[in-house]
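Before any comments, here is the structure.
The values are calculated or read from the model by the stated rules, or taken from the named source; none is laboratory data. Everything numeric in this text was worked out from a predicted model, so none of it was measured. Virtual Cβ from ideal backbone geometry, glycine too; neighbours counted across all protein chains shown.
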Amino acid sequence: MAEIISIPRQVLHQEVAVRLRQRIVEGQIAPGAKLNERELSELLNVSRTPLREALKMLAAEGLVELLPNRGAVVAQMSAQDVADTFEVIAGLEGQSGELAAQRITDAELAEIRALHFEMMAAFTRRDLPTYYRINAQIHTLINAAARNPVLTQTWRNVNARLQALRFRSNFDESKWKRAVKEHERMVELLGTRDAAGLRALLIEHLMHKRDAVLELMKNGQLDGGAKASA
């Protein structure tokens with residue numbers, strides 16, 4: 001985290017948000033940690049104005065909390081928050097998958113297949129940051145293929161709160177392997193346009209993510225990733 005990052009002025013606050021989001025999702029900045037504006041300004045080589053705009057963006061996504069008289073801190077979730085939010089995202093992803101299987105174009109399917117091969121290569125290297133980035137792209141493309149703007153916006157809002165936990169759900173090797181197999185099946189079901197099958201699989205996939213996160217929390221393995229009590 002010691003590198004100086006040069007960011008074009010015209011997209012300053014957006015790029016700052018991208019950099020901070022990545023650090024939060026990958027656990028480089030711990031949940032509950034206070035975000036020191038001076039230190040972050042120096043790290044990102046920006047003034048406090050775009051930094052504060054970026055923090056507002058992340059607060060709107062649920063990744064950051066802006067607390068009176070305390071400034072910004074990385075958000076934490078209780079076990080009940082985690083269970084409730086994964087329950088909602090599972091339903092949204094299931095609906096996205098059902099509609100995507102009905103509406104996806106051959107070009108969109110080809111792009112998802114190409115990304116899947118890239119993701120598998122990252123998995124083989126056990127490169128979790130790259131794996132997760134591509135994985136998130138695949139889920140985003142499935143959602144986009146549903147062609148329902150209301151569904152997309154709702155999914156984005158809910159999913160933003162879970163990015164860091166979805167990343168951590170792959171910390172367990174066996175559960176990561178299971179997730180990979182589920183992704184292989186997703187691509188197959190999209191290819192056969194099996195709407196009902198893809199809906200069921202995506203709901204199951206997200207419930208497995210929920211269970212993996214809750215197990216890590218219960219065992220104290222999230223390193224402050226969420227509050228342990230409901």
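Among the residues of the range 167-187, which ones are charged (D, E, K, R), over 27 Å from LEU63 (Cβ atoms) and out of contact with any helix residue (DSSP H, G or I) (no Cβ under 9 Å at 6 or more places or on another chain)? Give the steps one after another, and end with the answer.
Filtering the range 167-187 down to residues charged (D, E, K, R) leaves 168, 172-173, 175, 177-178, 181-182, 184-185.
Of the ones still in play, those that are also over 27 Å from LEU63 (Cβ atoms) are 177, 181, 184-185.
Matches in the range 167-187: LYS181 only.
Residues in the range 104-131 that are in a loop (DSSP other than H, G, I, E, B) and surrounded by 15 or more Cβ atoms within 10 Å (Cβ to Cβ): ILE104 alone. All told, GLU87 meets the bar of being touching a Lys or Arg at 6+ places or on another chain (Cβ under 8 Å) and part of a helix (DSSP H, G or I).
Evaluate the following for ALA72: is it part of a helix (DSSP H, G or I) and either more than 16 Å from the chain's Cα centre (by Cα) or farther than 22 Å from GLU204 by Cβ (or both)?
On the way: part of a helix (DSSP H, G or I): no; either more than 16 Å from the chain's Cα centre (by Cα) or farther than 22 Å from GLU204 by Cβ (or both): yes.
Answer is no for this residue.
Summed over the range 165-190, residues that are assigned to a helix (DSSP H, G or I) and out of contact with any Leu (no Cβ under 7 Å at 6 or more places or on another chain) total 16.
Per-residue answers, yes or no, for (1) surrounded by 15 or more Cβ atoms within 10 Å (Cβ to Cβ); (2) more than 18 Å from GLN95 (Cα to Cα); (3) outside the structural domain of ARG103 (by TED's automatic domain parsing):
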residue: ARG133; (1), (2), (3): yes, yes, no
residue: HIS139; (1), (2), (3): yes, no, no
residue: LEU151; (1), (2), (3): yes, no, no
residue: TRP155; (1), (2), (3): yes, no, no
residue: SER169; (1), (2), (3): yes, yes, no
residue: GLU188; (1), (2), (3): no, no, no
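From the list ALA59, ALA30, the one residue that fits, being under 24 Å from MET217 (Cβ atoms), aliphatic (A, V, I, L, M), in a helix (DSSP H, G or I) and within 16 Å of the chain's Cα centre (by Cα), is ALA59. If the condition is being out of contact with any Gly (no Cβ under 6 Å at 6 or more places or on another chain), polar (S, T, N, Q) and in contact (Cβ under 8 Å) with a residue 40 or more places away in the chain, then the range 49-98 contributes SER78, GLN80, THR85, GLN95, SER96.
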